[in-house]
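Nothing in this text is a laboratory measurement; each read-out follows from the coordinates by a stated rule. In this text, all values refer to a predicted model and were calculated from it rather than measured experimentally. Every residue, glycine among them, receives a Cβ derived from its backbone with ideal geometry; neighbour counts consider all protein chains shown.
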Amino acid sequence: METFLIYLLKASILLSLFYGVYFLLLRKDTFFTINRHFLLVSIITSLLLPFIEFTTIKFIENPTFYITETNQSPSKNIIPETINWWVIGSVLYGLGALIFLSRFCLQLLSLKKLLTHHQSRKEDGFNFIEVTQDIAPFSFFNTIVYNPVLHSREELDMILKHEKIHVQQLHTLDLILMNLLLIFQWVNPFAWLYKKNLEQNLEFIADREAINQMTSRKEYQLTLLKVSSNNYSTITNNFYQSLIKKRIVMLNKQSSQSKKLWKVTVILPLLSLFLWSFNTQEVIKIKQDTKINQKASDNIFFQEKGKKIIEFIVDKSSSKEDLNKVKYTLKDDYSLEVKFSGIKRNDANEITSIKVDISSKKGTTNYAISNDTPINSFAIIYDSETGKIEIGQSGNSSSHVWFIDKDGNHKKGKTMKIHSGDKKNEFIFSDGDHKDIYEIHTNDNKTFAYITGDRDGEPLIYIDGKKTTKKEMEKLDSDTIEQMNVYKGKTAIKKYGDKAKNGVIEITTKKK
């Protein structure tokens with residue numbers, strides 16, 4: 001429903017633009033038929049143009065975020081689902097549309113009842129119905145309804161000529177289209193003004209055509225002044241309107257010069273501005289040569305059976321591009337809709353306020369921070385297996401990962417800080433008492449972790465008992481690995497001799 005409401009907003013903005021051009025530039029001219037076409041085309045354009053979108057592609061370097069595969073315990077800082085204002089807005093809009101649709105249907109039923117309960121006579125392709133009610137003459141498609149008792153023969157002759165113009169030019173279609181648009185855009189105040197001006201222009205057309213068939217312009221104007229009664233319906237063409245003064249003014253106005261028609265083209269740059277502002281979508285793509293591998297199973301040193309957790313860190317220094325990386329990565333790879341709003345920065349360009357809204361097929365999650373000082377970093381965590389979304393302070397929701405230490409032992413702790421460079425990530429690891437720094441190197445979309453300070457030489461590598469090279473190891477598909485052992489220090493030398501002083505990596509692949 002969010003998509004529909006956004007479409008409704010765009011359509012309303014477009015209709016308002018068209019109305020502004022008509023009201024400011026066209027309504028006082030006598031190009032009544034051209035104005036009618038302008039108003040009708042404007043309605044159709046406002047409904048169709050929001051579907052047209054232009055896409056610009058921007059390539060960026062690899063993100064500074066990381067993805068791990070872990071047995072992560074639930075975060076203590078889970079943001080509960082809050083009120084979904086899109087749903088509330090949709091319900092309120094739907095109720096309003098239903099009310100106006102019901103009103104329109106009741107008008108049609110009332111009109112049908114009136115037409116079917118009176119006899120009609122056909123003459124020259126028109127259906128004439130004489131009624132006894134005190135209503136103003138009106139036409140609906142090819143039917144003209146009037147009360148002959150209320151008007152003299154001369155007045156009635158002028159009235160019928162006026163209504164015949166409405167019938168011949170199918171003005172009823174304009175009114176029905178406008179009423180349907182009002183049901184759709186009832187929340188748009190400009191739509192109601194648009195309807196008023198459209199009806200007024202139809203009366204100008206009928207007045208001009210009718211008076212051309214008469215010998216006395218003065219008599220026609222006097223008839224307009226004399227005839228007053230209640231309008232029957234907003235979906236019929238009524239002879240009497242509360243716009244009598246304007247109609248008489250337009251009847252006596254000198255025809256506008258054709259050179260003024262240029263004013264219609266003013267709408268073109270406004271439409272271009274609309275498309276550029278609202279219908280241009282920027283798609284951010286990661287450069288292929290630097291794109292990080294987002295498959296956690298390829299991080300060989302981090303392998304552990306468990307859930308796939310995708311975590312992004314947002315801090316005070318996160319730029320617009322950084323936030324877009326989060327947005328488009330989650331959208332393109334995991335079909336999550338992410339919106340960052342309410343972003344405020346201080347003089348140092350540090351974020352002090354930010355709001356995050358994330359929605360998926362399974363629900364929504366919101367998170368907001370607003371301070372006078374720079375924000376603390378927070379994590380956006382998505383479990384692709386369960387579809388669970390969590391947002392919270394990164395200090396409380398850091399992911400627990402397995403590392404290999406200097407002695408080849410597995411250590412479990414939490415990542416405290418991340419730096420990123422060209423093909424290199426530095427992780428500061430803490431197990432509670434001390435910190436070690438690990439470097440993450442990426443080659444051919446494979447990620448390997450080494451503890452800093454223990455990189456004097458490369459370790460020995462054995463795959464299925466055969467000595468091989470690091471390059472061959474990096475070619476392995478992690479899905480084919482059954483077991484991996486890492487030996488360092490005395491343990492490695494004891495098993496393989498002095499040649500293993502830099503460590504040994506043993507890999508056993510799955511048997512086919």
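Say the cut-off is 28 Å between C-alpha atoms; which of K226/K259; K113/K164; K388/K470; K327/K475; K10/K316; K161/K260 go over it?
Beyond 28 Å between Cα atoms: K226/K259; K388/K470; K327/K475; K10/K316; K161/K260.
Would you work out the charge dipole size for segment 456-512 about its Cα centre, treating the Cβ of every Lys and Arg as +1 and the Cβ of every Asp and Glu as -1, and quote it to the nearest 20 debye?
Dipole about the Cα centre, nearest 20: 260 debye.
Measuring from centroid to centroid over Cα atoms, what is the spacing of segment 339-387 and segment 1-35 in Å?
Cα centroid of segment 339-387 versus Cα centroid of segment 1-35: 36 Å apart.
Would you calculate the separation in nanometres between label points at K245 and T265, each defined as 7 Å from the Cα along the Cα-to-beta-carbon direction?
Taking the two extended label points, one gets 3.7 nm.
Among the DSSP beta bridges whose two residues both lie in segment 114-226, what percent are antiparallel, rounded to the nearest 5?
65 percent
Provide the packing ranking of 118-127, 104-113, i.e. peptides ordered by the mean count of other C-beta atoms within 10 Å per residue, highest first.
Ranking, from highest mean packing down: 104-113, 118-127.
Tell me, T215, T30, T172 in order of fewest to most beta-carbon neighbours within 10 Å?
T215, T30, T172
Based on the mean of other Cβ atoms within 10 Å per residue, sort peptides 38-46, 463-471 so the most packed one is first.
In descending order of packing, they fall as 38-46, 463-471.
Would you mind computing, in nm to one decimal, how far apart the modelled labels at K196 and T116 are, each placed 7 Å from Cα along Cα→Cβ?
3.5 nm
For V87 and L275, calculate 0.36 nm times their separation in residues minus their Cα-Cα distance, and state this gained length in nm to one decimal.
65.0 nm
May I ask what percent, to the nearest 5, of DSSP beta bridges between residues of segment 456-512 are antiparallel?
Percentage antiparallel, nearest 5: 70.
Using 17 Å as the cut-off for backbone N distance, which residues of segment 92-114 belong to the label zone defined by a point 7 Å from the Cα of V187 along Cα→Cβ?
Within reach of a label on V187, which here means backbone N under 17 Å from a point 7 Å along Cα→Cβ, segment 92-114 contributes 92-101.
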